[in-house]
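Just below is one structure, and these are the notes that go with it.
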Amino acid sequence: QVQLVESGGGLVQPGGSLRLSCAASGFTFSSYAMSWYRQAPGKERELVATISSAESTTNYADSVKGRFTISRDNAKNTAYLQMNSLKPEDTAVYYCKARRAFISYWGQGTQVTVSS
């Protein structure tokens, strides 16, 4: 069955870094665009970054440009989100999503907390 499993979240101090991973199985990973979303308490889920299936295009929310980098390894069926210069406002549950046309799959999320 389809699975997206996020990992790499945790507690980090402001200015620190984390690398999130999203391991995919049960579908043709290389054919799907991958995205990272986040949802902070009391807020709506927001798009953080997207990478196309061919790795040729990436897009970022203005709030993370220059600090976060999305990447993927199609040989490992895994997407990544490198997060640097973390701020308290980056605290949220981070979700990965795979999408192709009208088909979308979501992971269960991983908590990222930025606090001193």
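The values are calculated or read from the model by the stated rules, or taken from the named source; none is laboratory data. Predicted, not measured: the structure shown is a model, and the values here were computed from it. A quick note on method: Cβ atoms are made from the backbone with ideal geometry, for glycine too, and the neighbour counts reach across all protein chains shown. Protein only, heavy atoms only, side chains kept; ligands, DNA and RNA dropped before computing areas. Shrake-Rupley method; radii C 1.70, N 1.55, O 1.52, S 1.80 Å.
Among 19, 38, what's the order by accessible area (1.4 angstrom probe), most exposed first?
Values: 19 130, 38 15 Å².
Listed by decreasing accessible area, they come as 19, 38.
If you stretched the chain out fully between residue 102 and residue 1, how much longer would it get, using 0.36 nm times the residue separation minus the C-alpha to C-alpha distance? Present the calculation step by step, with values, prior to reporting the outcome.
Details: separation 101, 0.36 × 101 = 36.36 nm, distance 1.82 nm.
Full-extension gain reported as 34.5 nm.
Before anything else, pin down the relative contact order of segment 15-54: Cα pairs under 8 Å, at least 6 apart, normalised by residue count, whole percent.
On the way: 34 pairs, mean separation 14.5, N = 40.
Relative contact order, segment 15-54: 36 percent.
Less than 12 Å from a label point 7 Å out along the Cα-to-Cβ axis of residue 115: which backbone N atoms in segment 26-48 qualify, by residue?
none
Using Cα pairs under 8 angstrom and six or more residues apart, how large is the relative contact order of segment 1-95, in percent? Write out the running numbers ahead of the final one.
Values: 177 pairs, mean separation 30.8, N = 95.
RCO, segment 1-95: 32 percent.
What is the local net charge at residue 31, summed over the other residues whose Cβ is closer than 11 Å to its Cβ (Lys, Arg +1; Asp, Glu -1)? Working shown, then result.
Values: positive: 99, 100; negative: none.
Net of charged neighbours comes to +2.
Please list, in order, the residues from segment 51-89 whose amide nitrogen is less than 15 Å from a point placed 7 Å along the Cα→Cβ vector of residue 13.
85-88
What part of the accessible area of the chain, given as a whole %, is carbon or sulfur when the probe is 1.4 angstrom? Intermediate results must be reported in sequence, preceding the final value.
Numbers: 2810 of 6140 Å².
That fraction is 46 percent.
At a temperature of 10 °C and a viscosity of 1.306 mPa s, determine how fast the chain diffuses translationally according to Stokes-Einstein, using the Kirkwood radius over alpha-carbon pairs as Rh; express D in µm²/s, rounded to the nearest whole number.
Working: Rh = 14.0 Å.
Estimated via Stokes-Einstein, D reaches 113 µm²/s.
In whole Hz, with x marking every Gly and Pro, tabulate ³J(HN,Hα) for segment 20-37 from phi via Karplus 6.51 cos²θ - 1.76 cosθ + 1.60, θ = phi - 60°.
The phi angles translate into 8, 10, 9, 8, 10, 7, x, 7, 7, 3, 5, 8, 10, 5, 10, 9, 10, 10 Hz.
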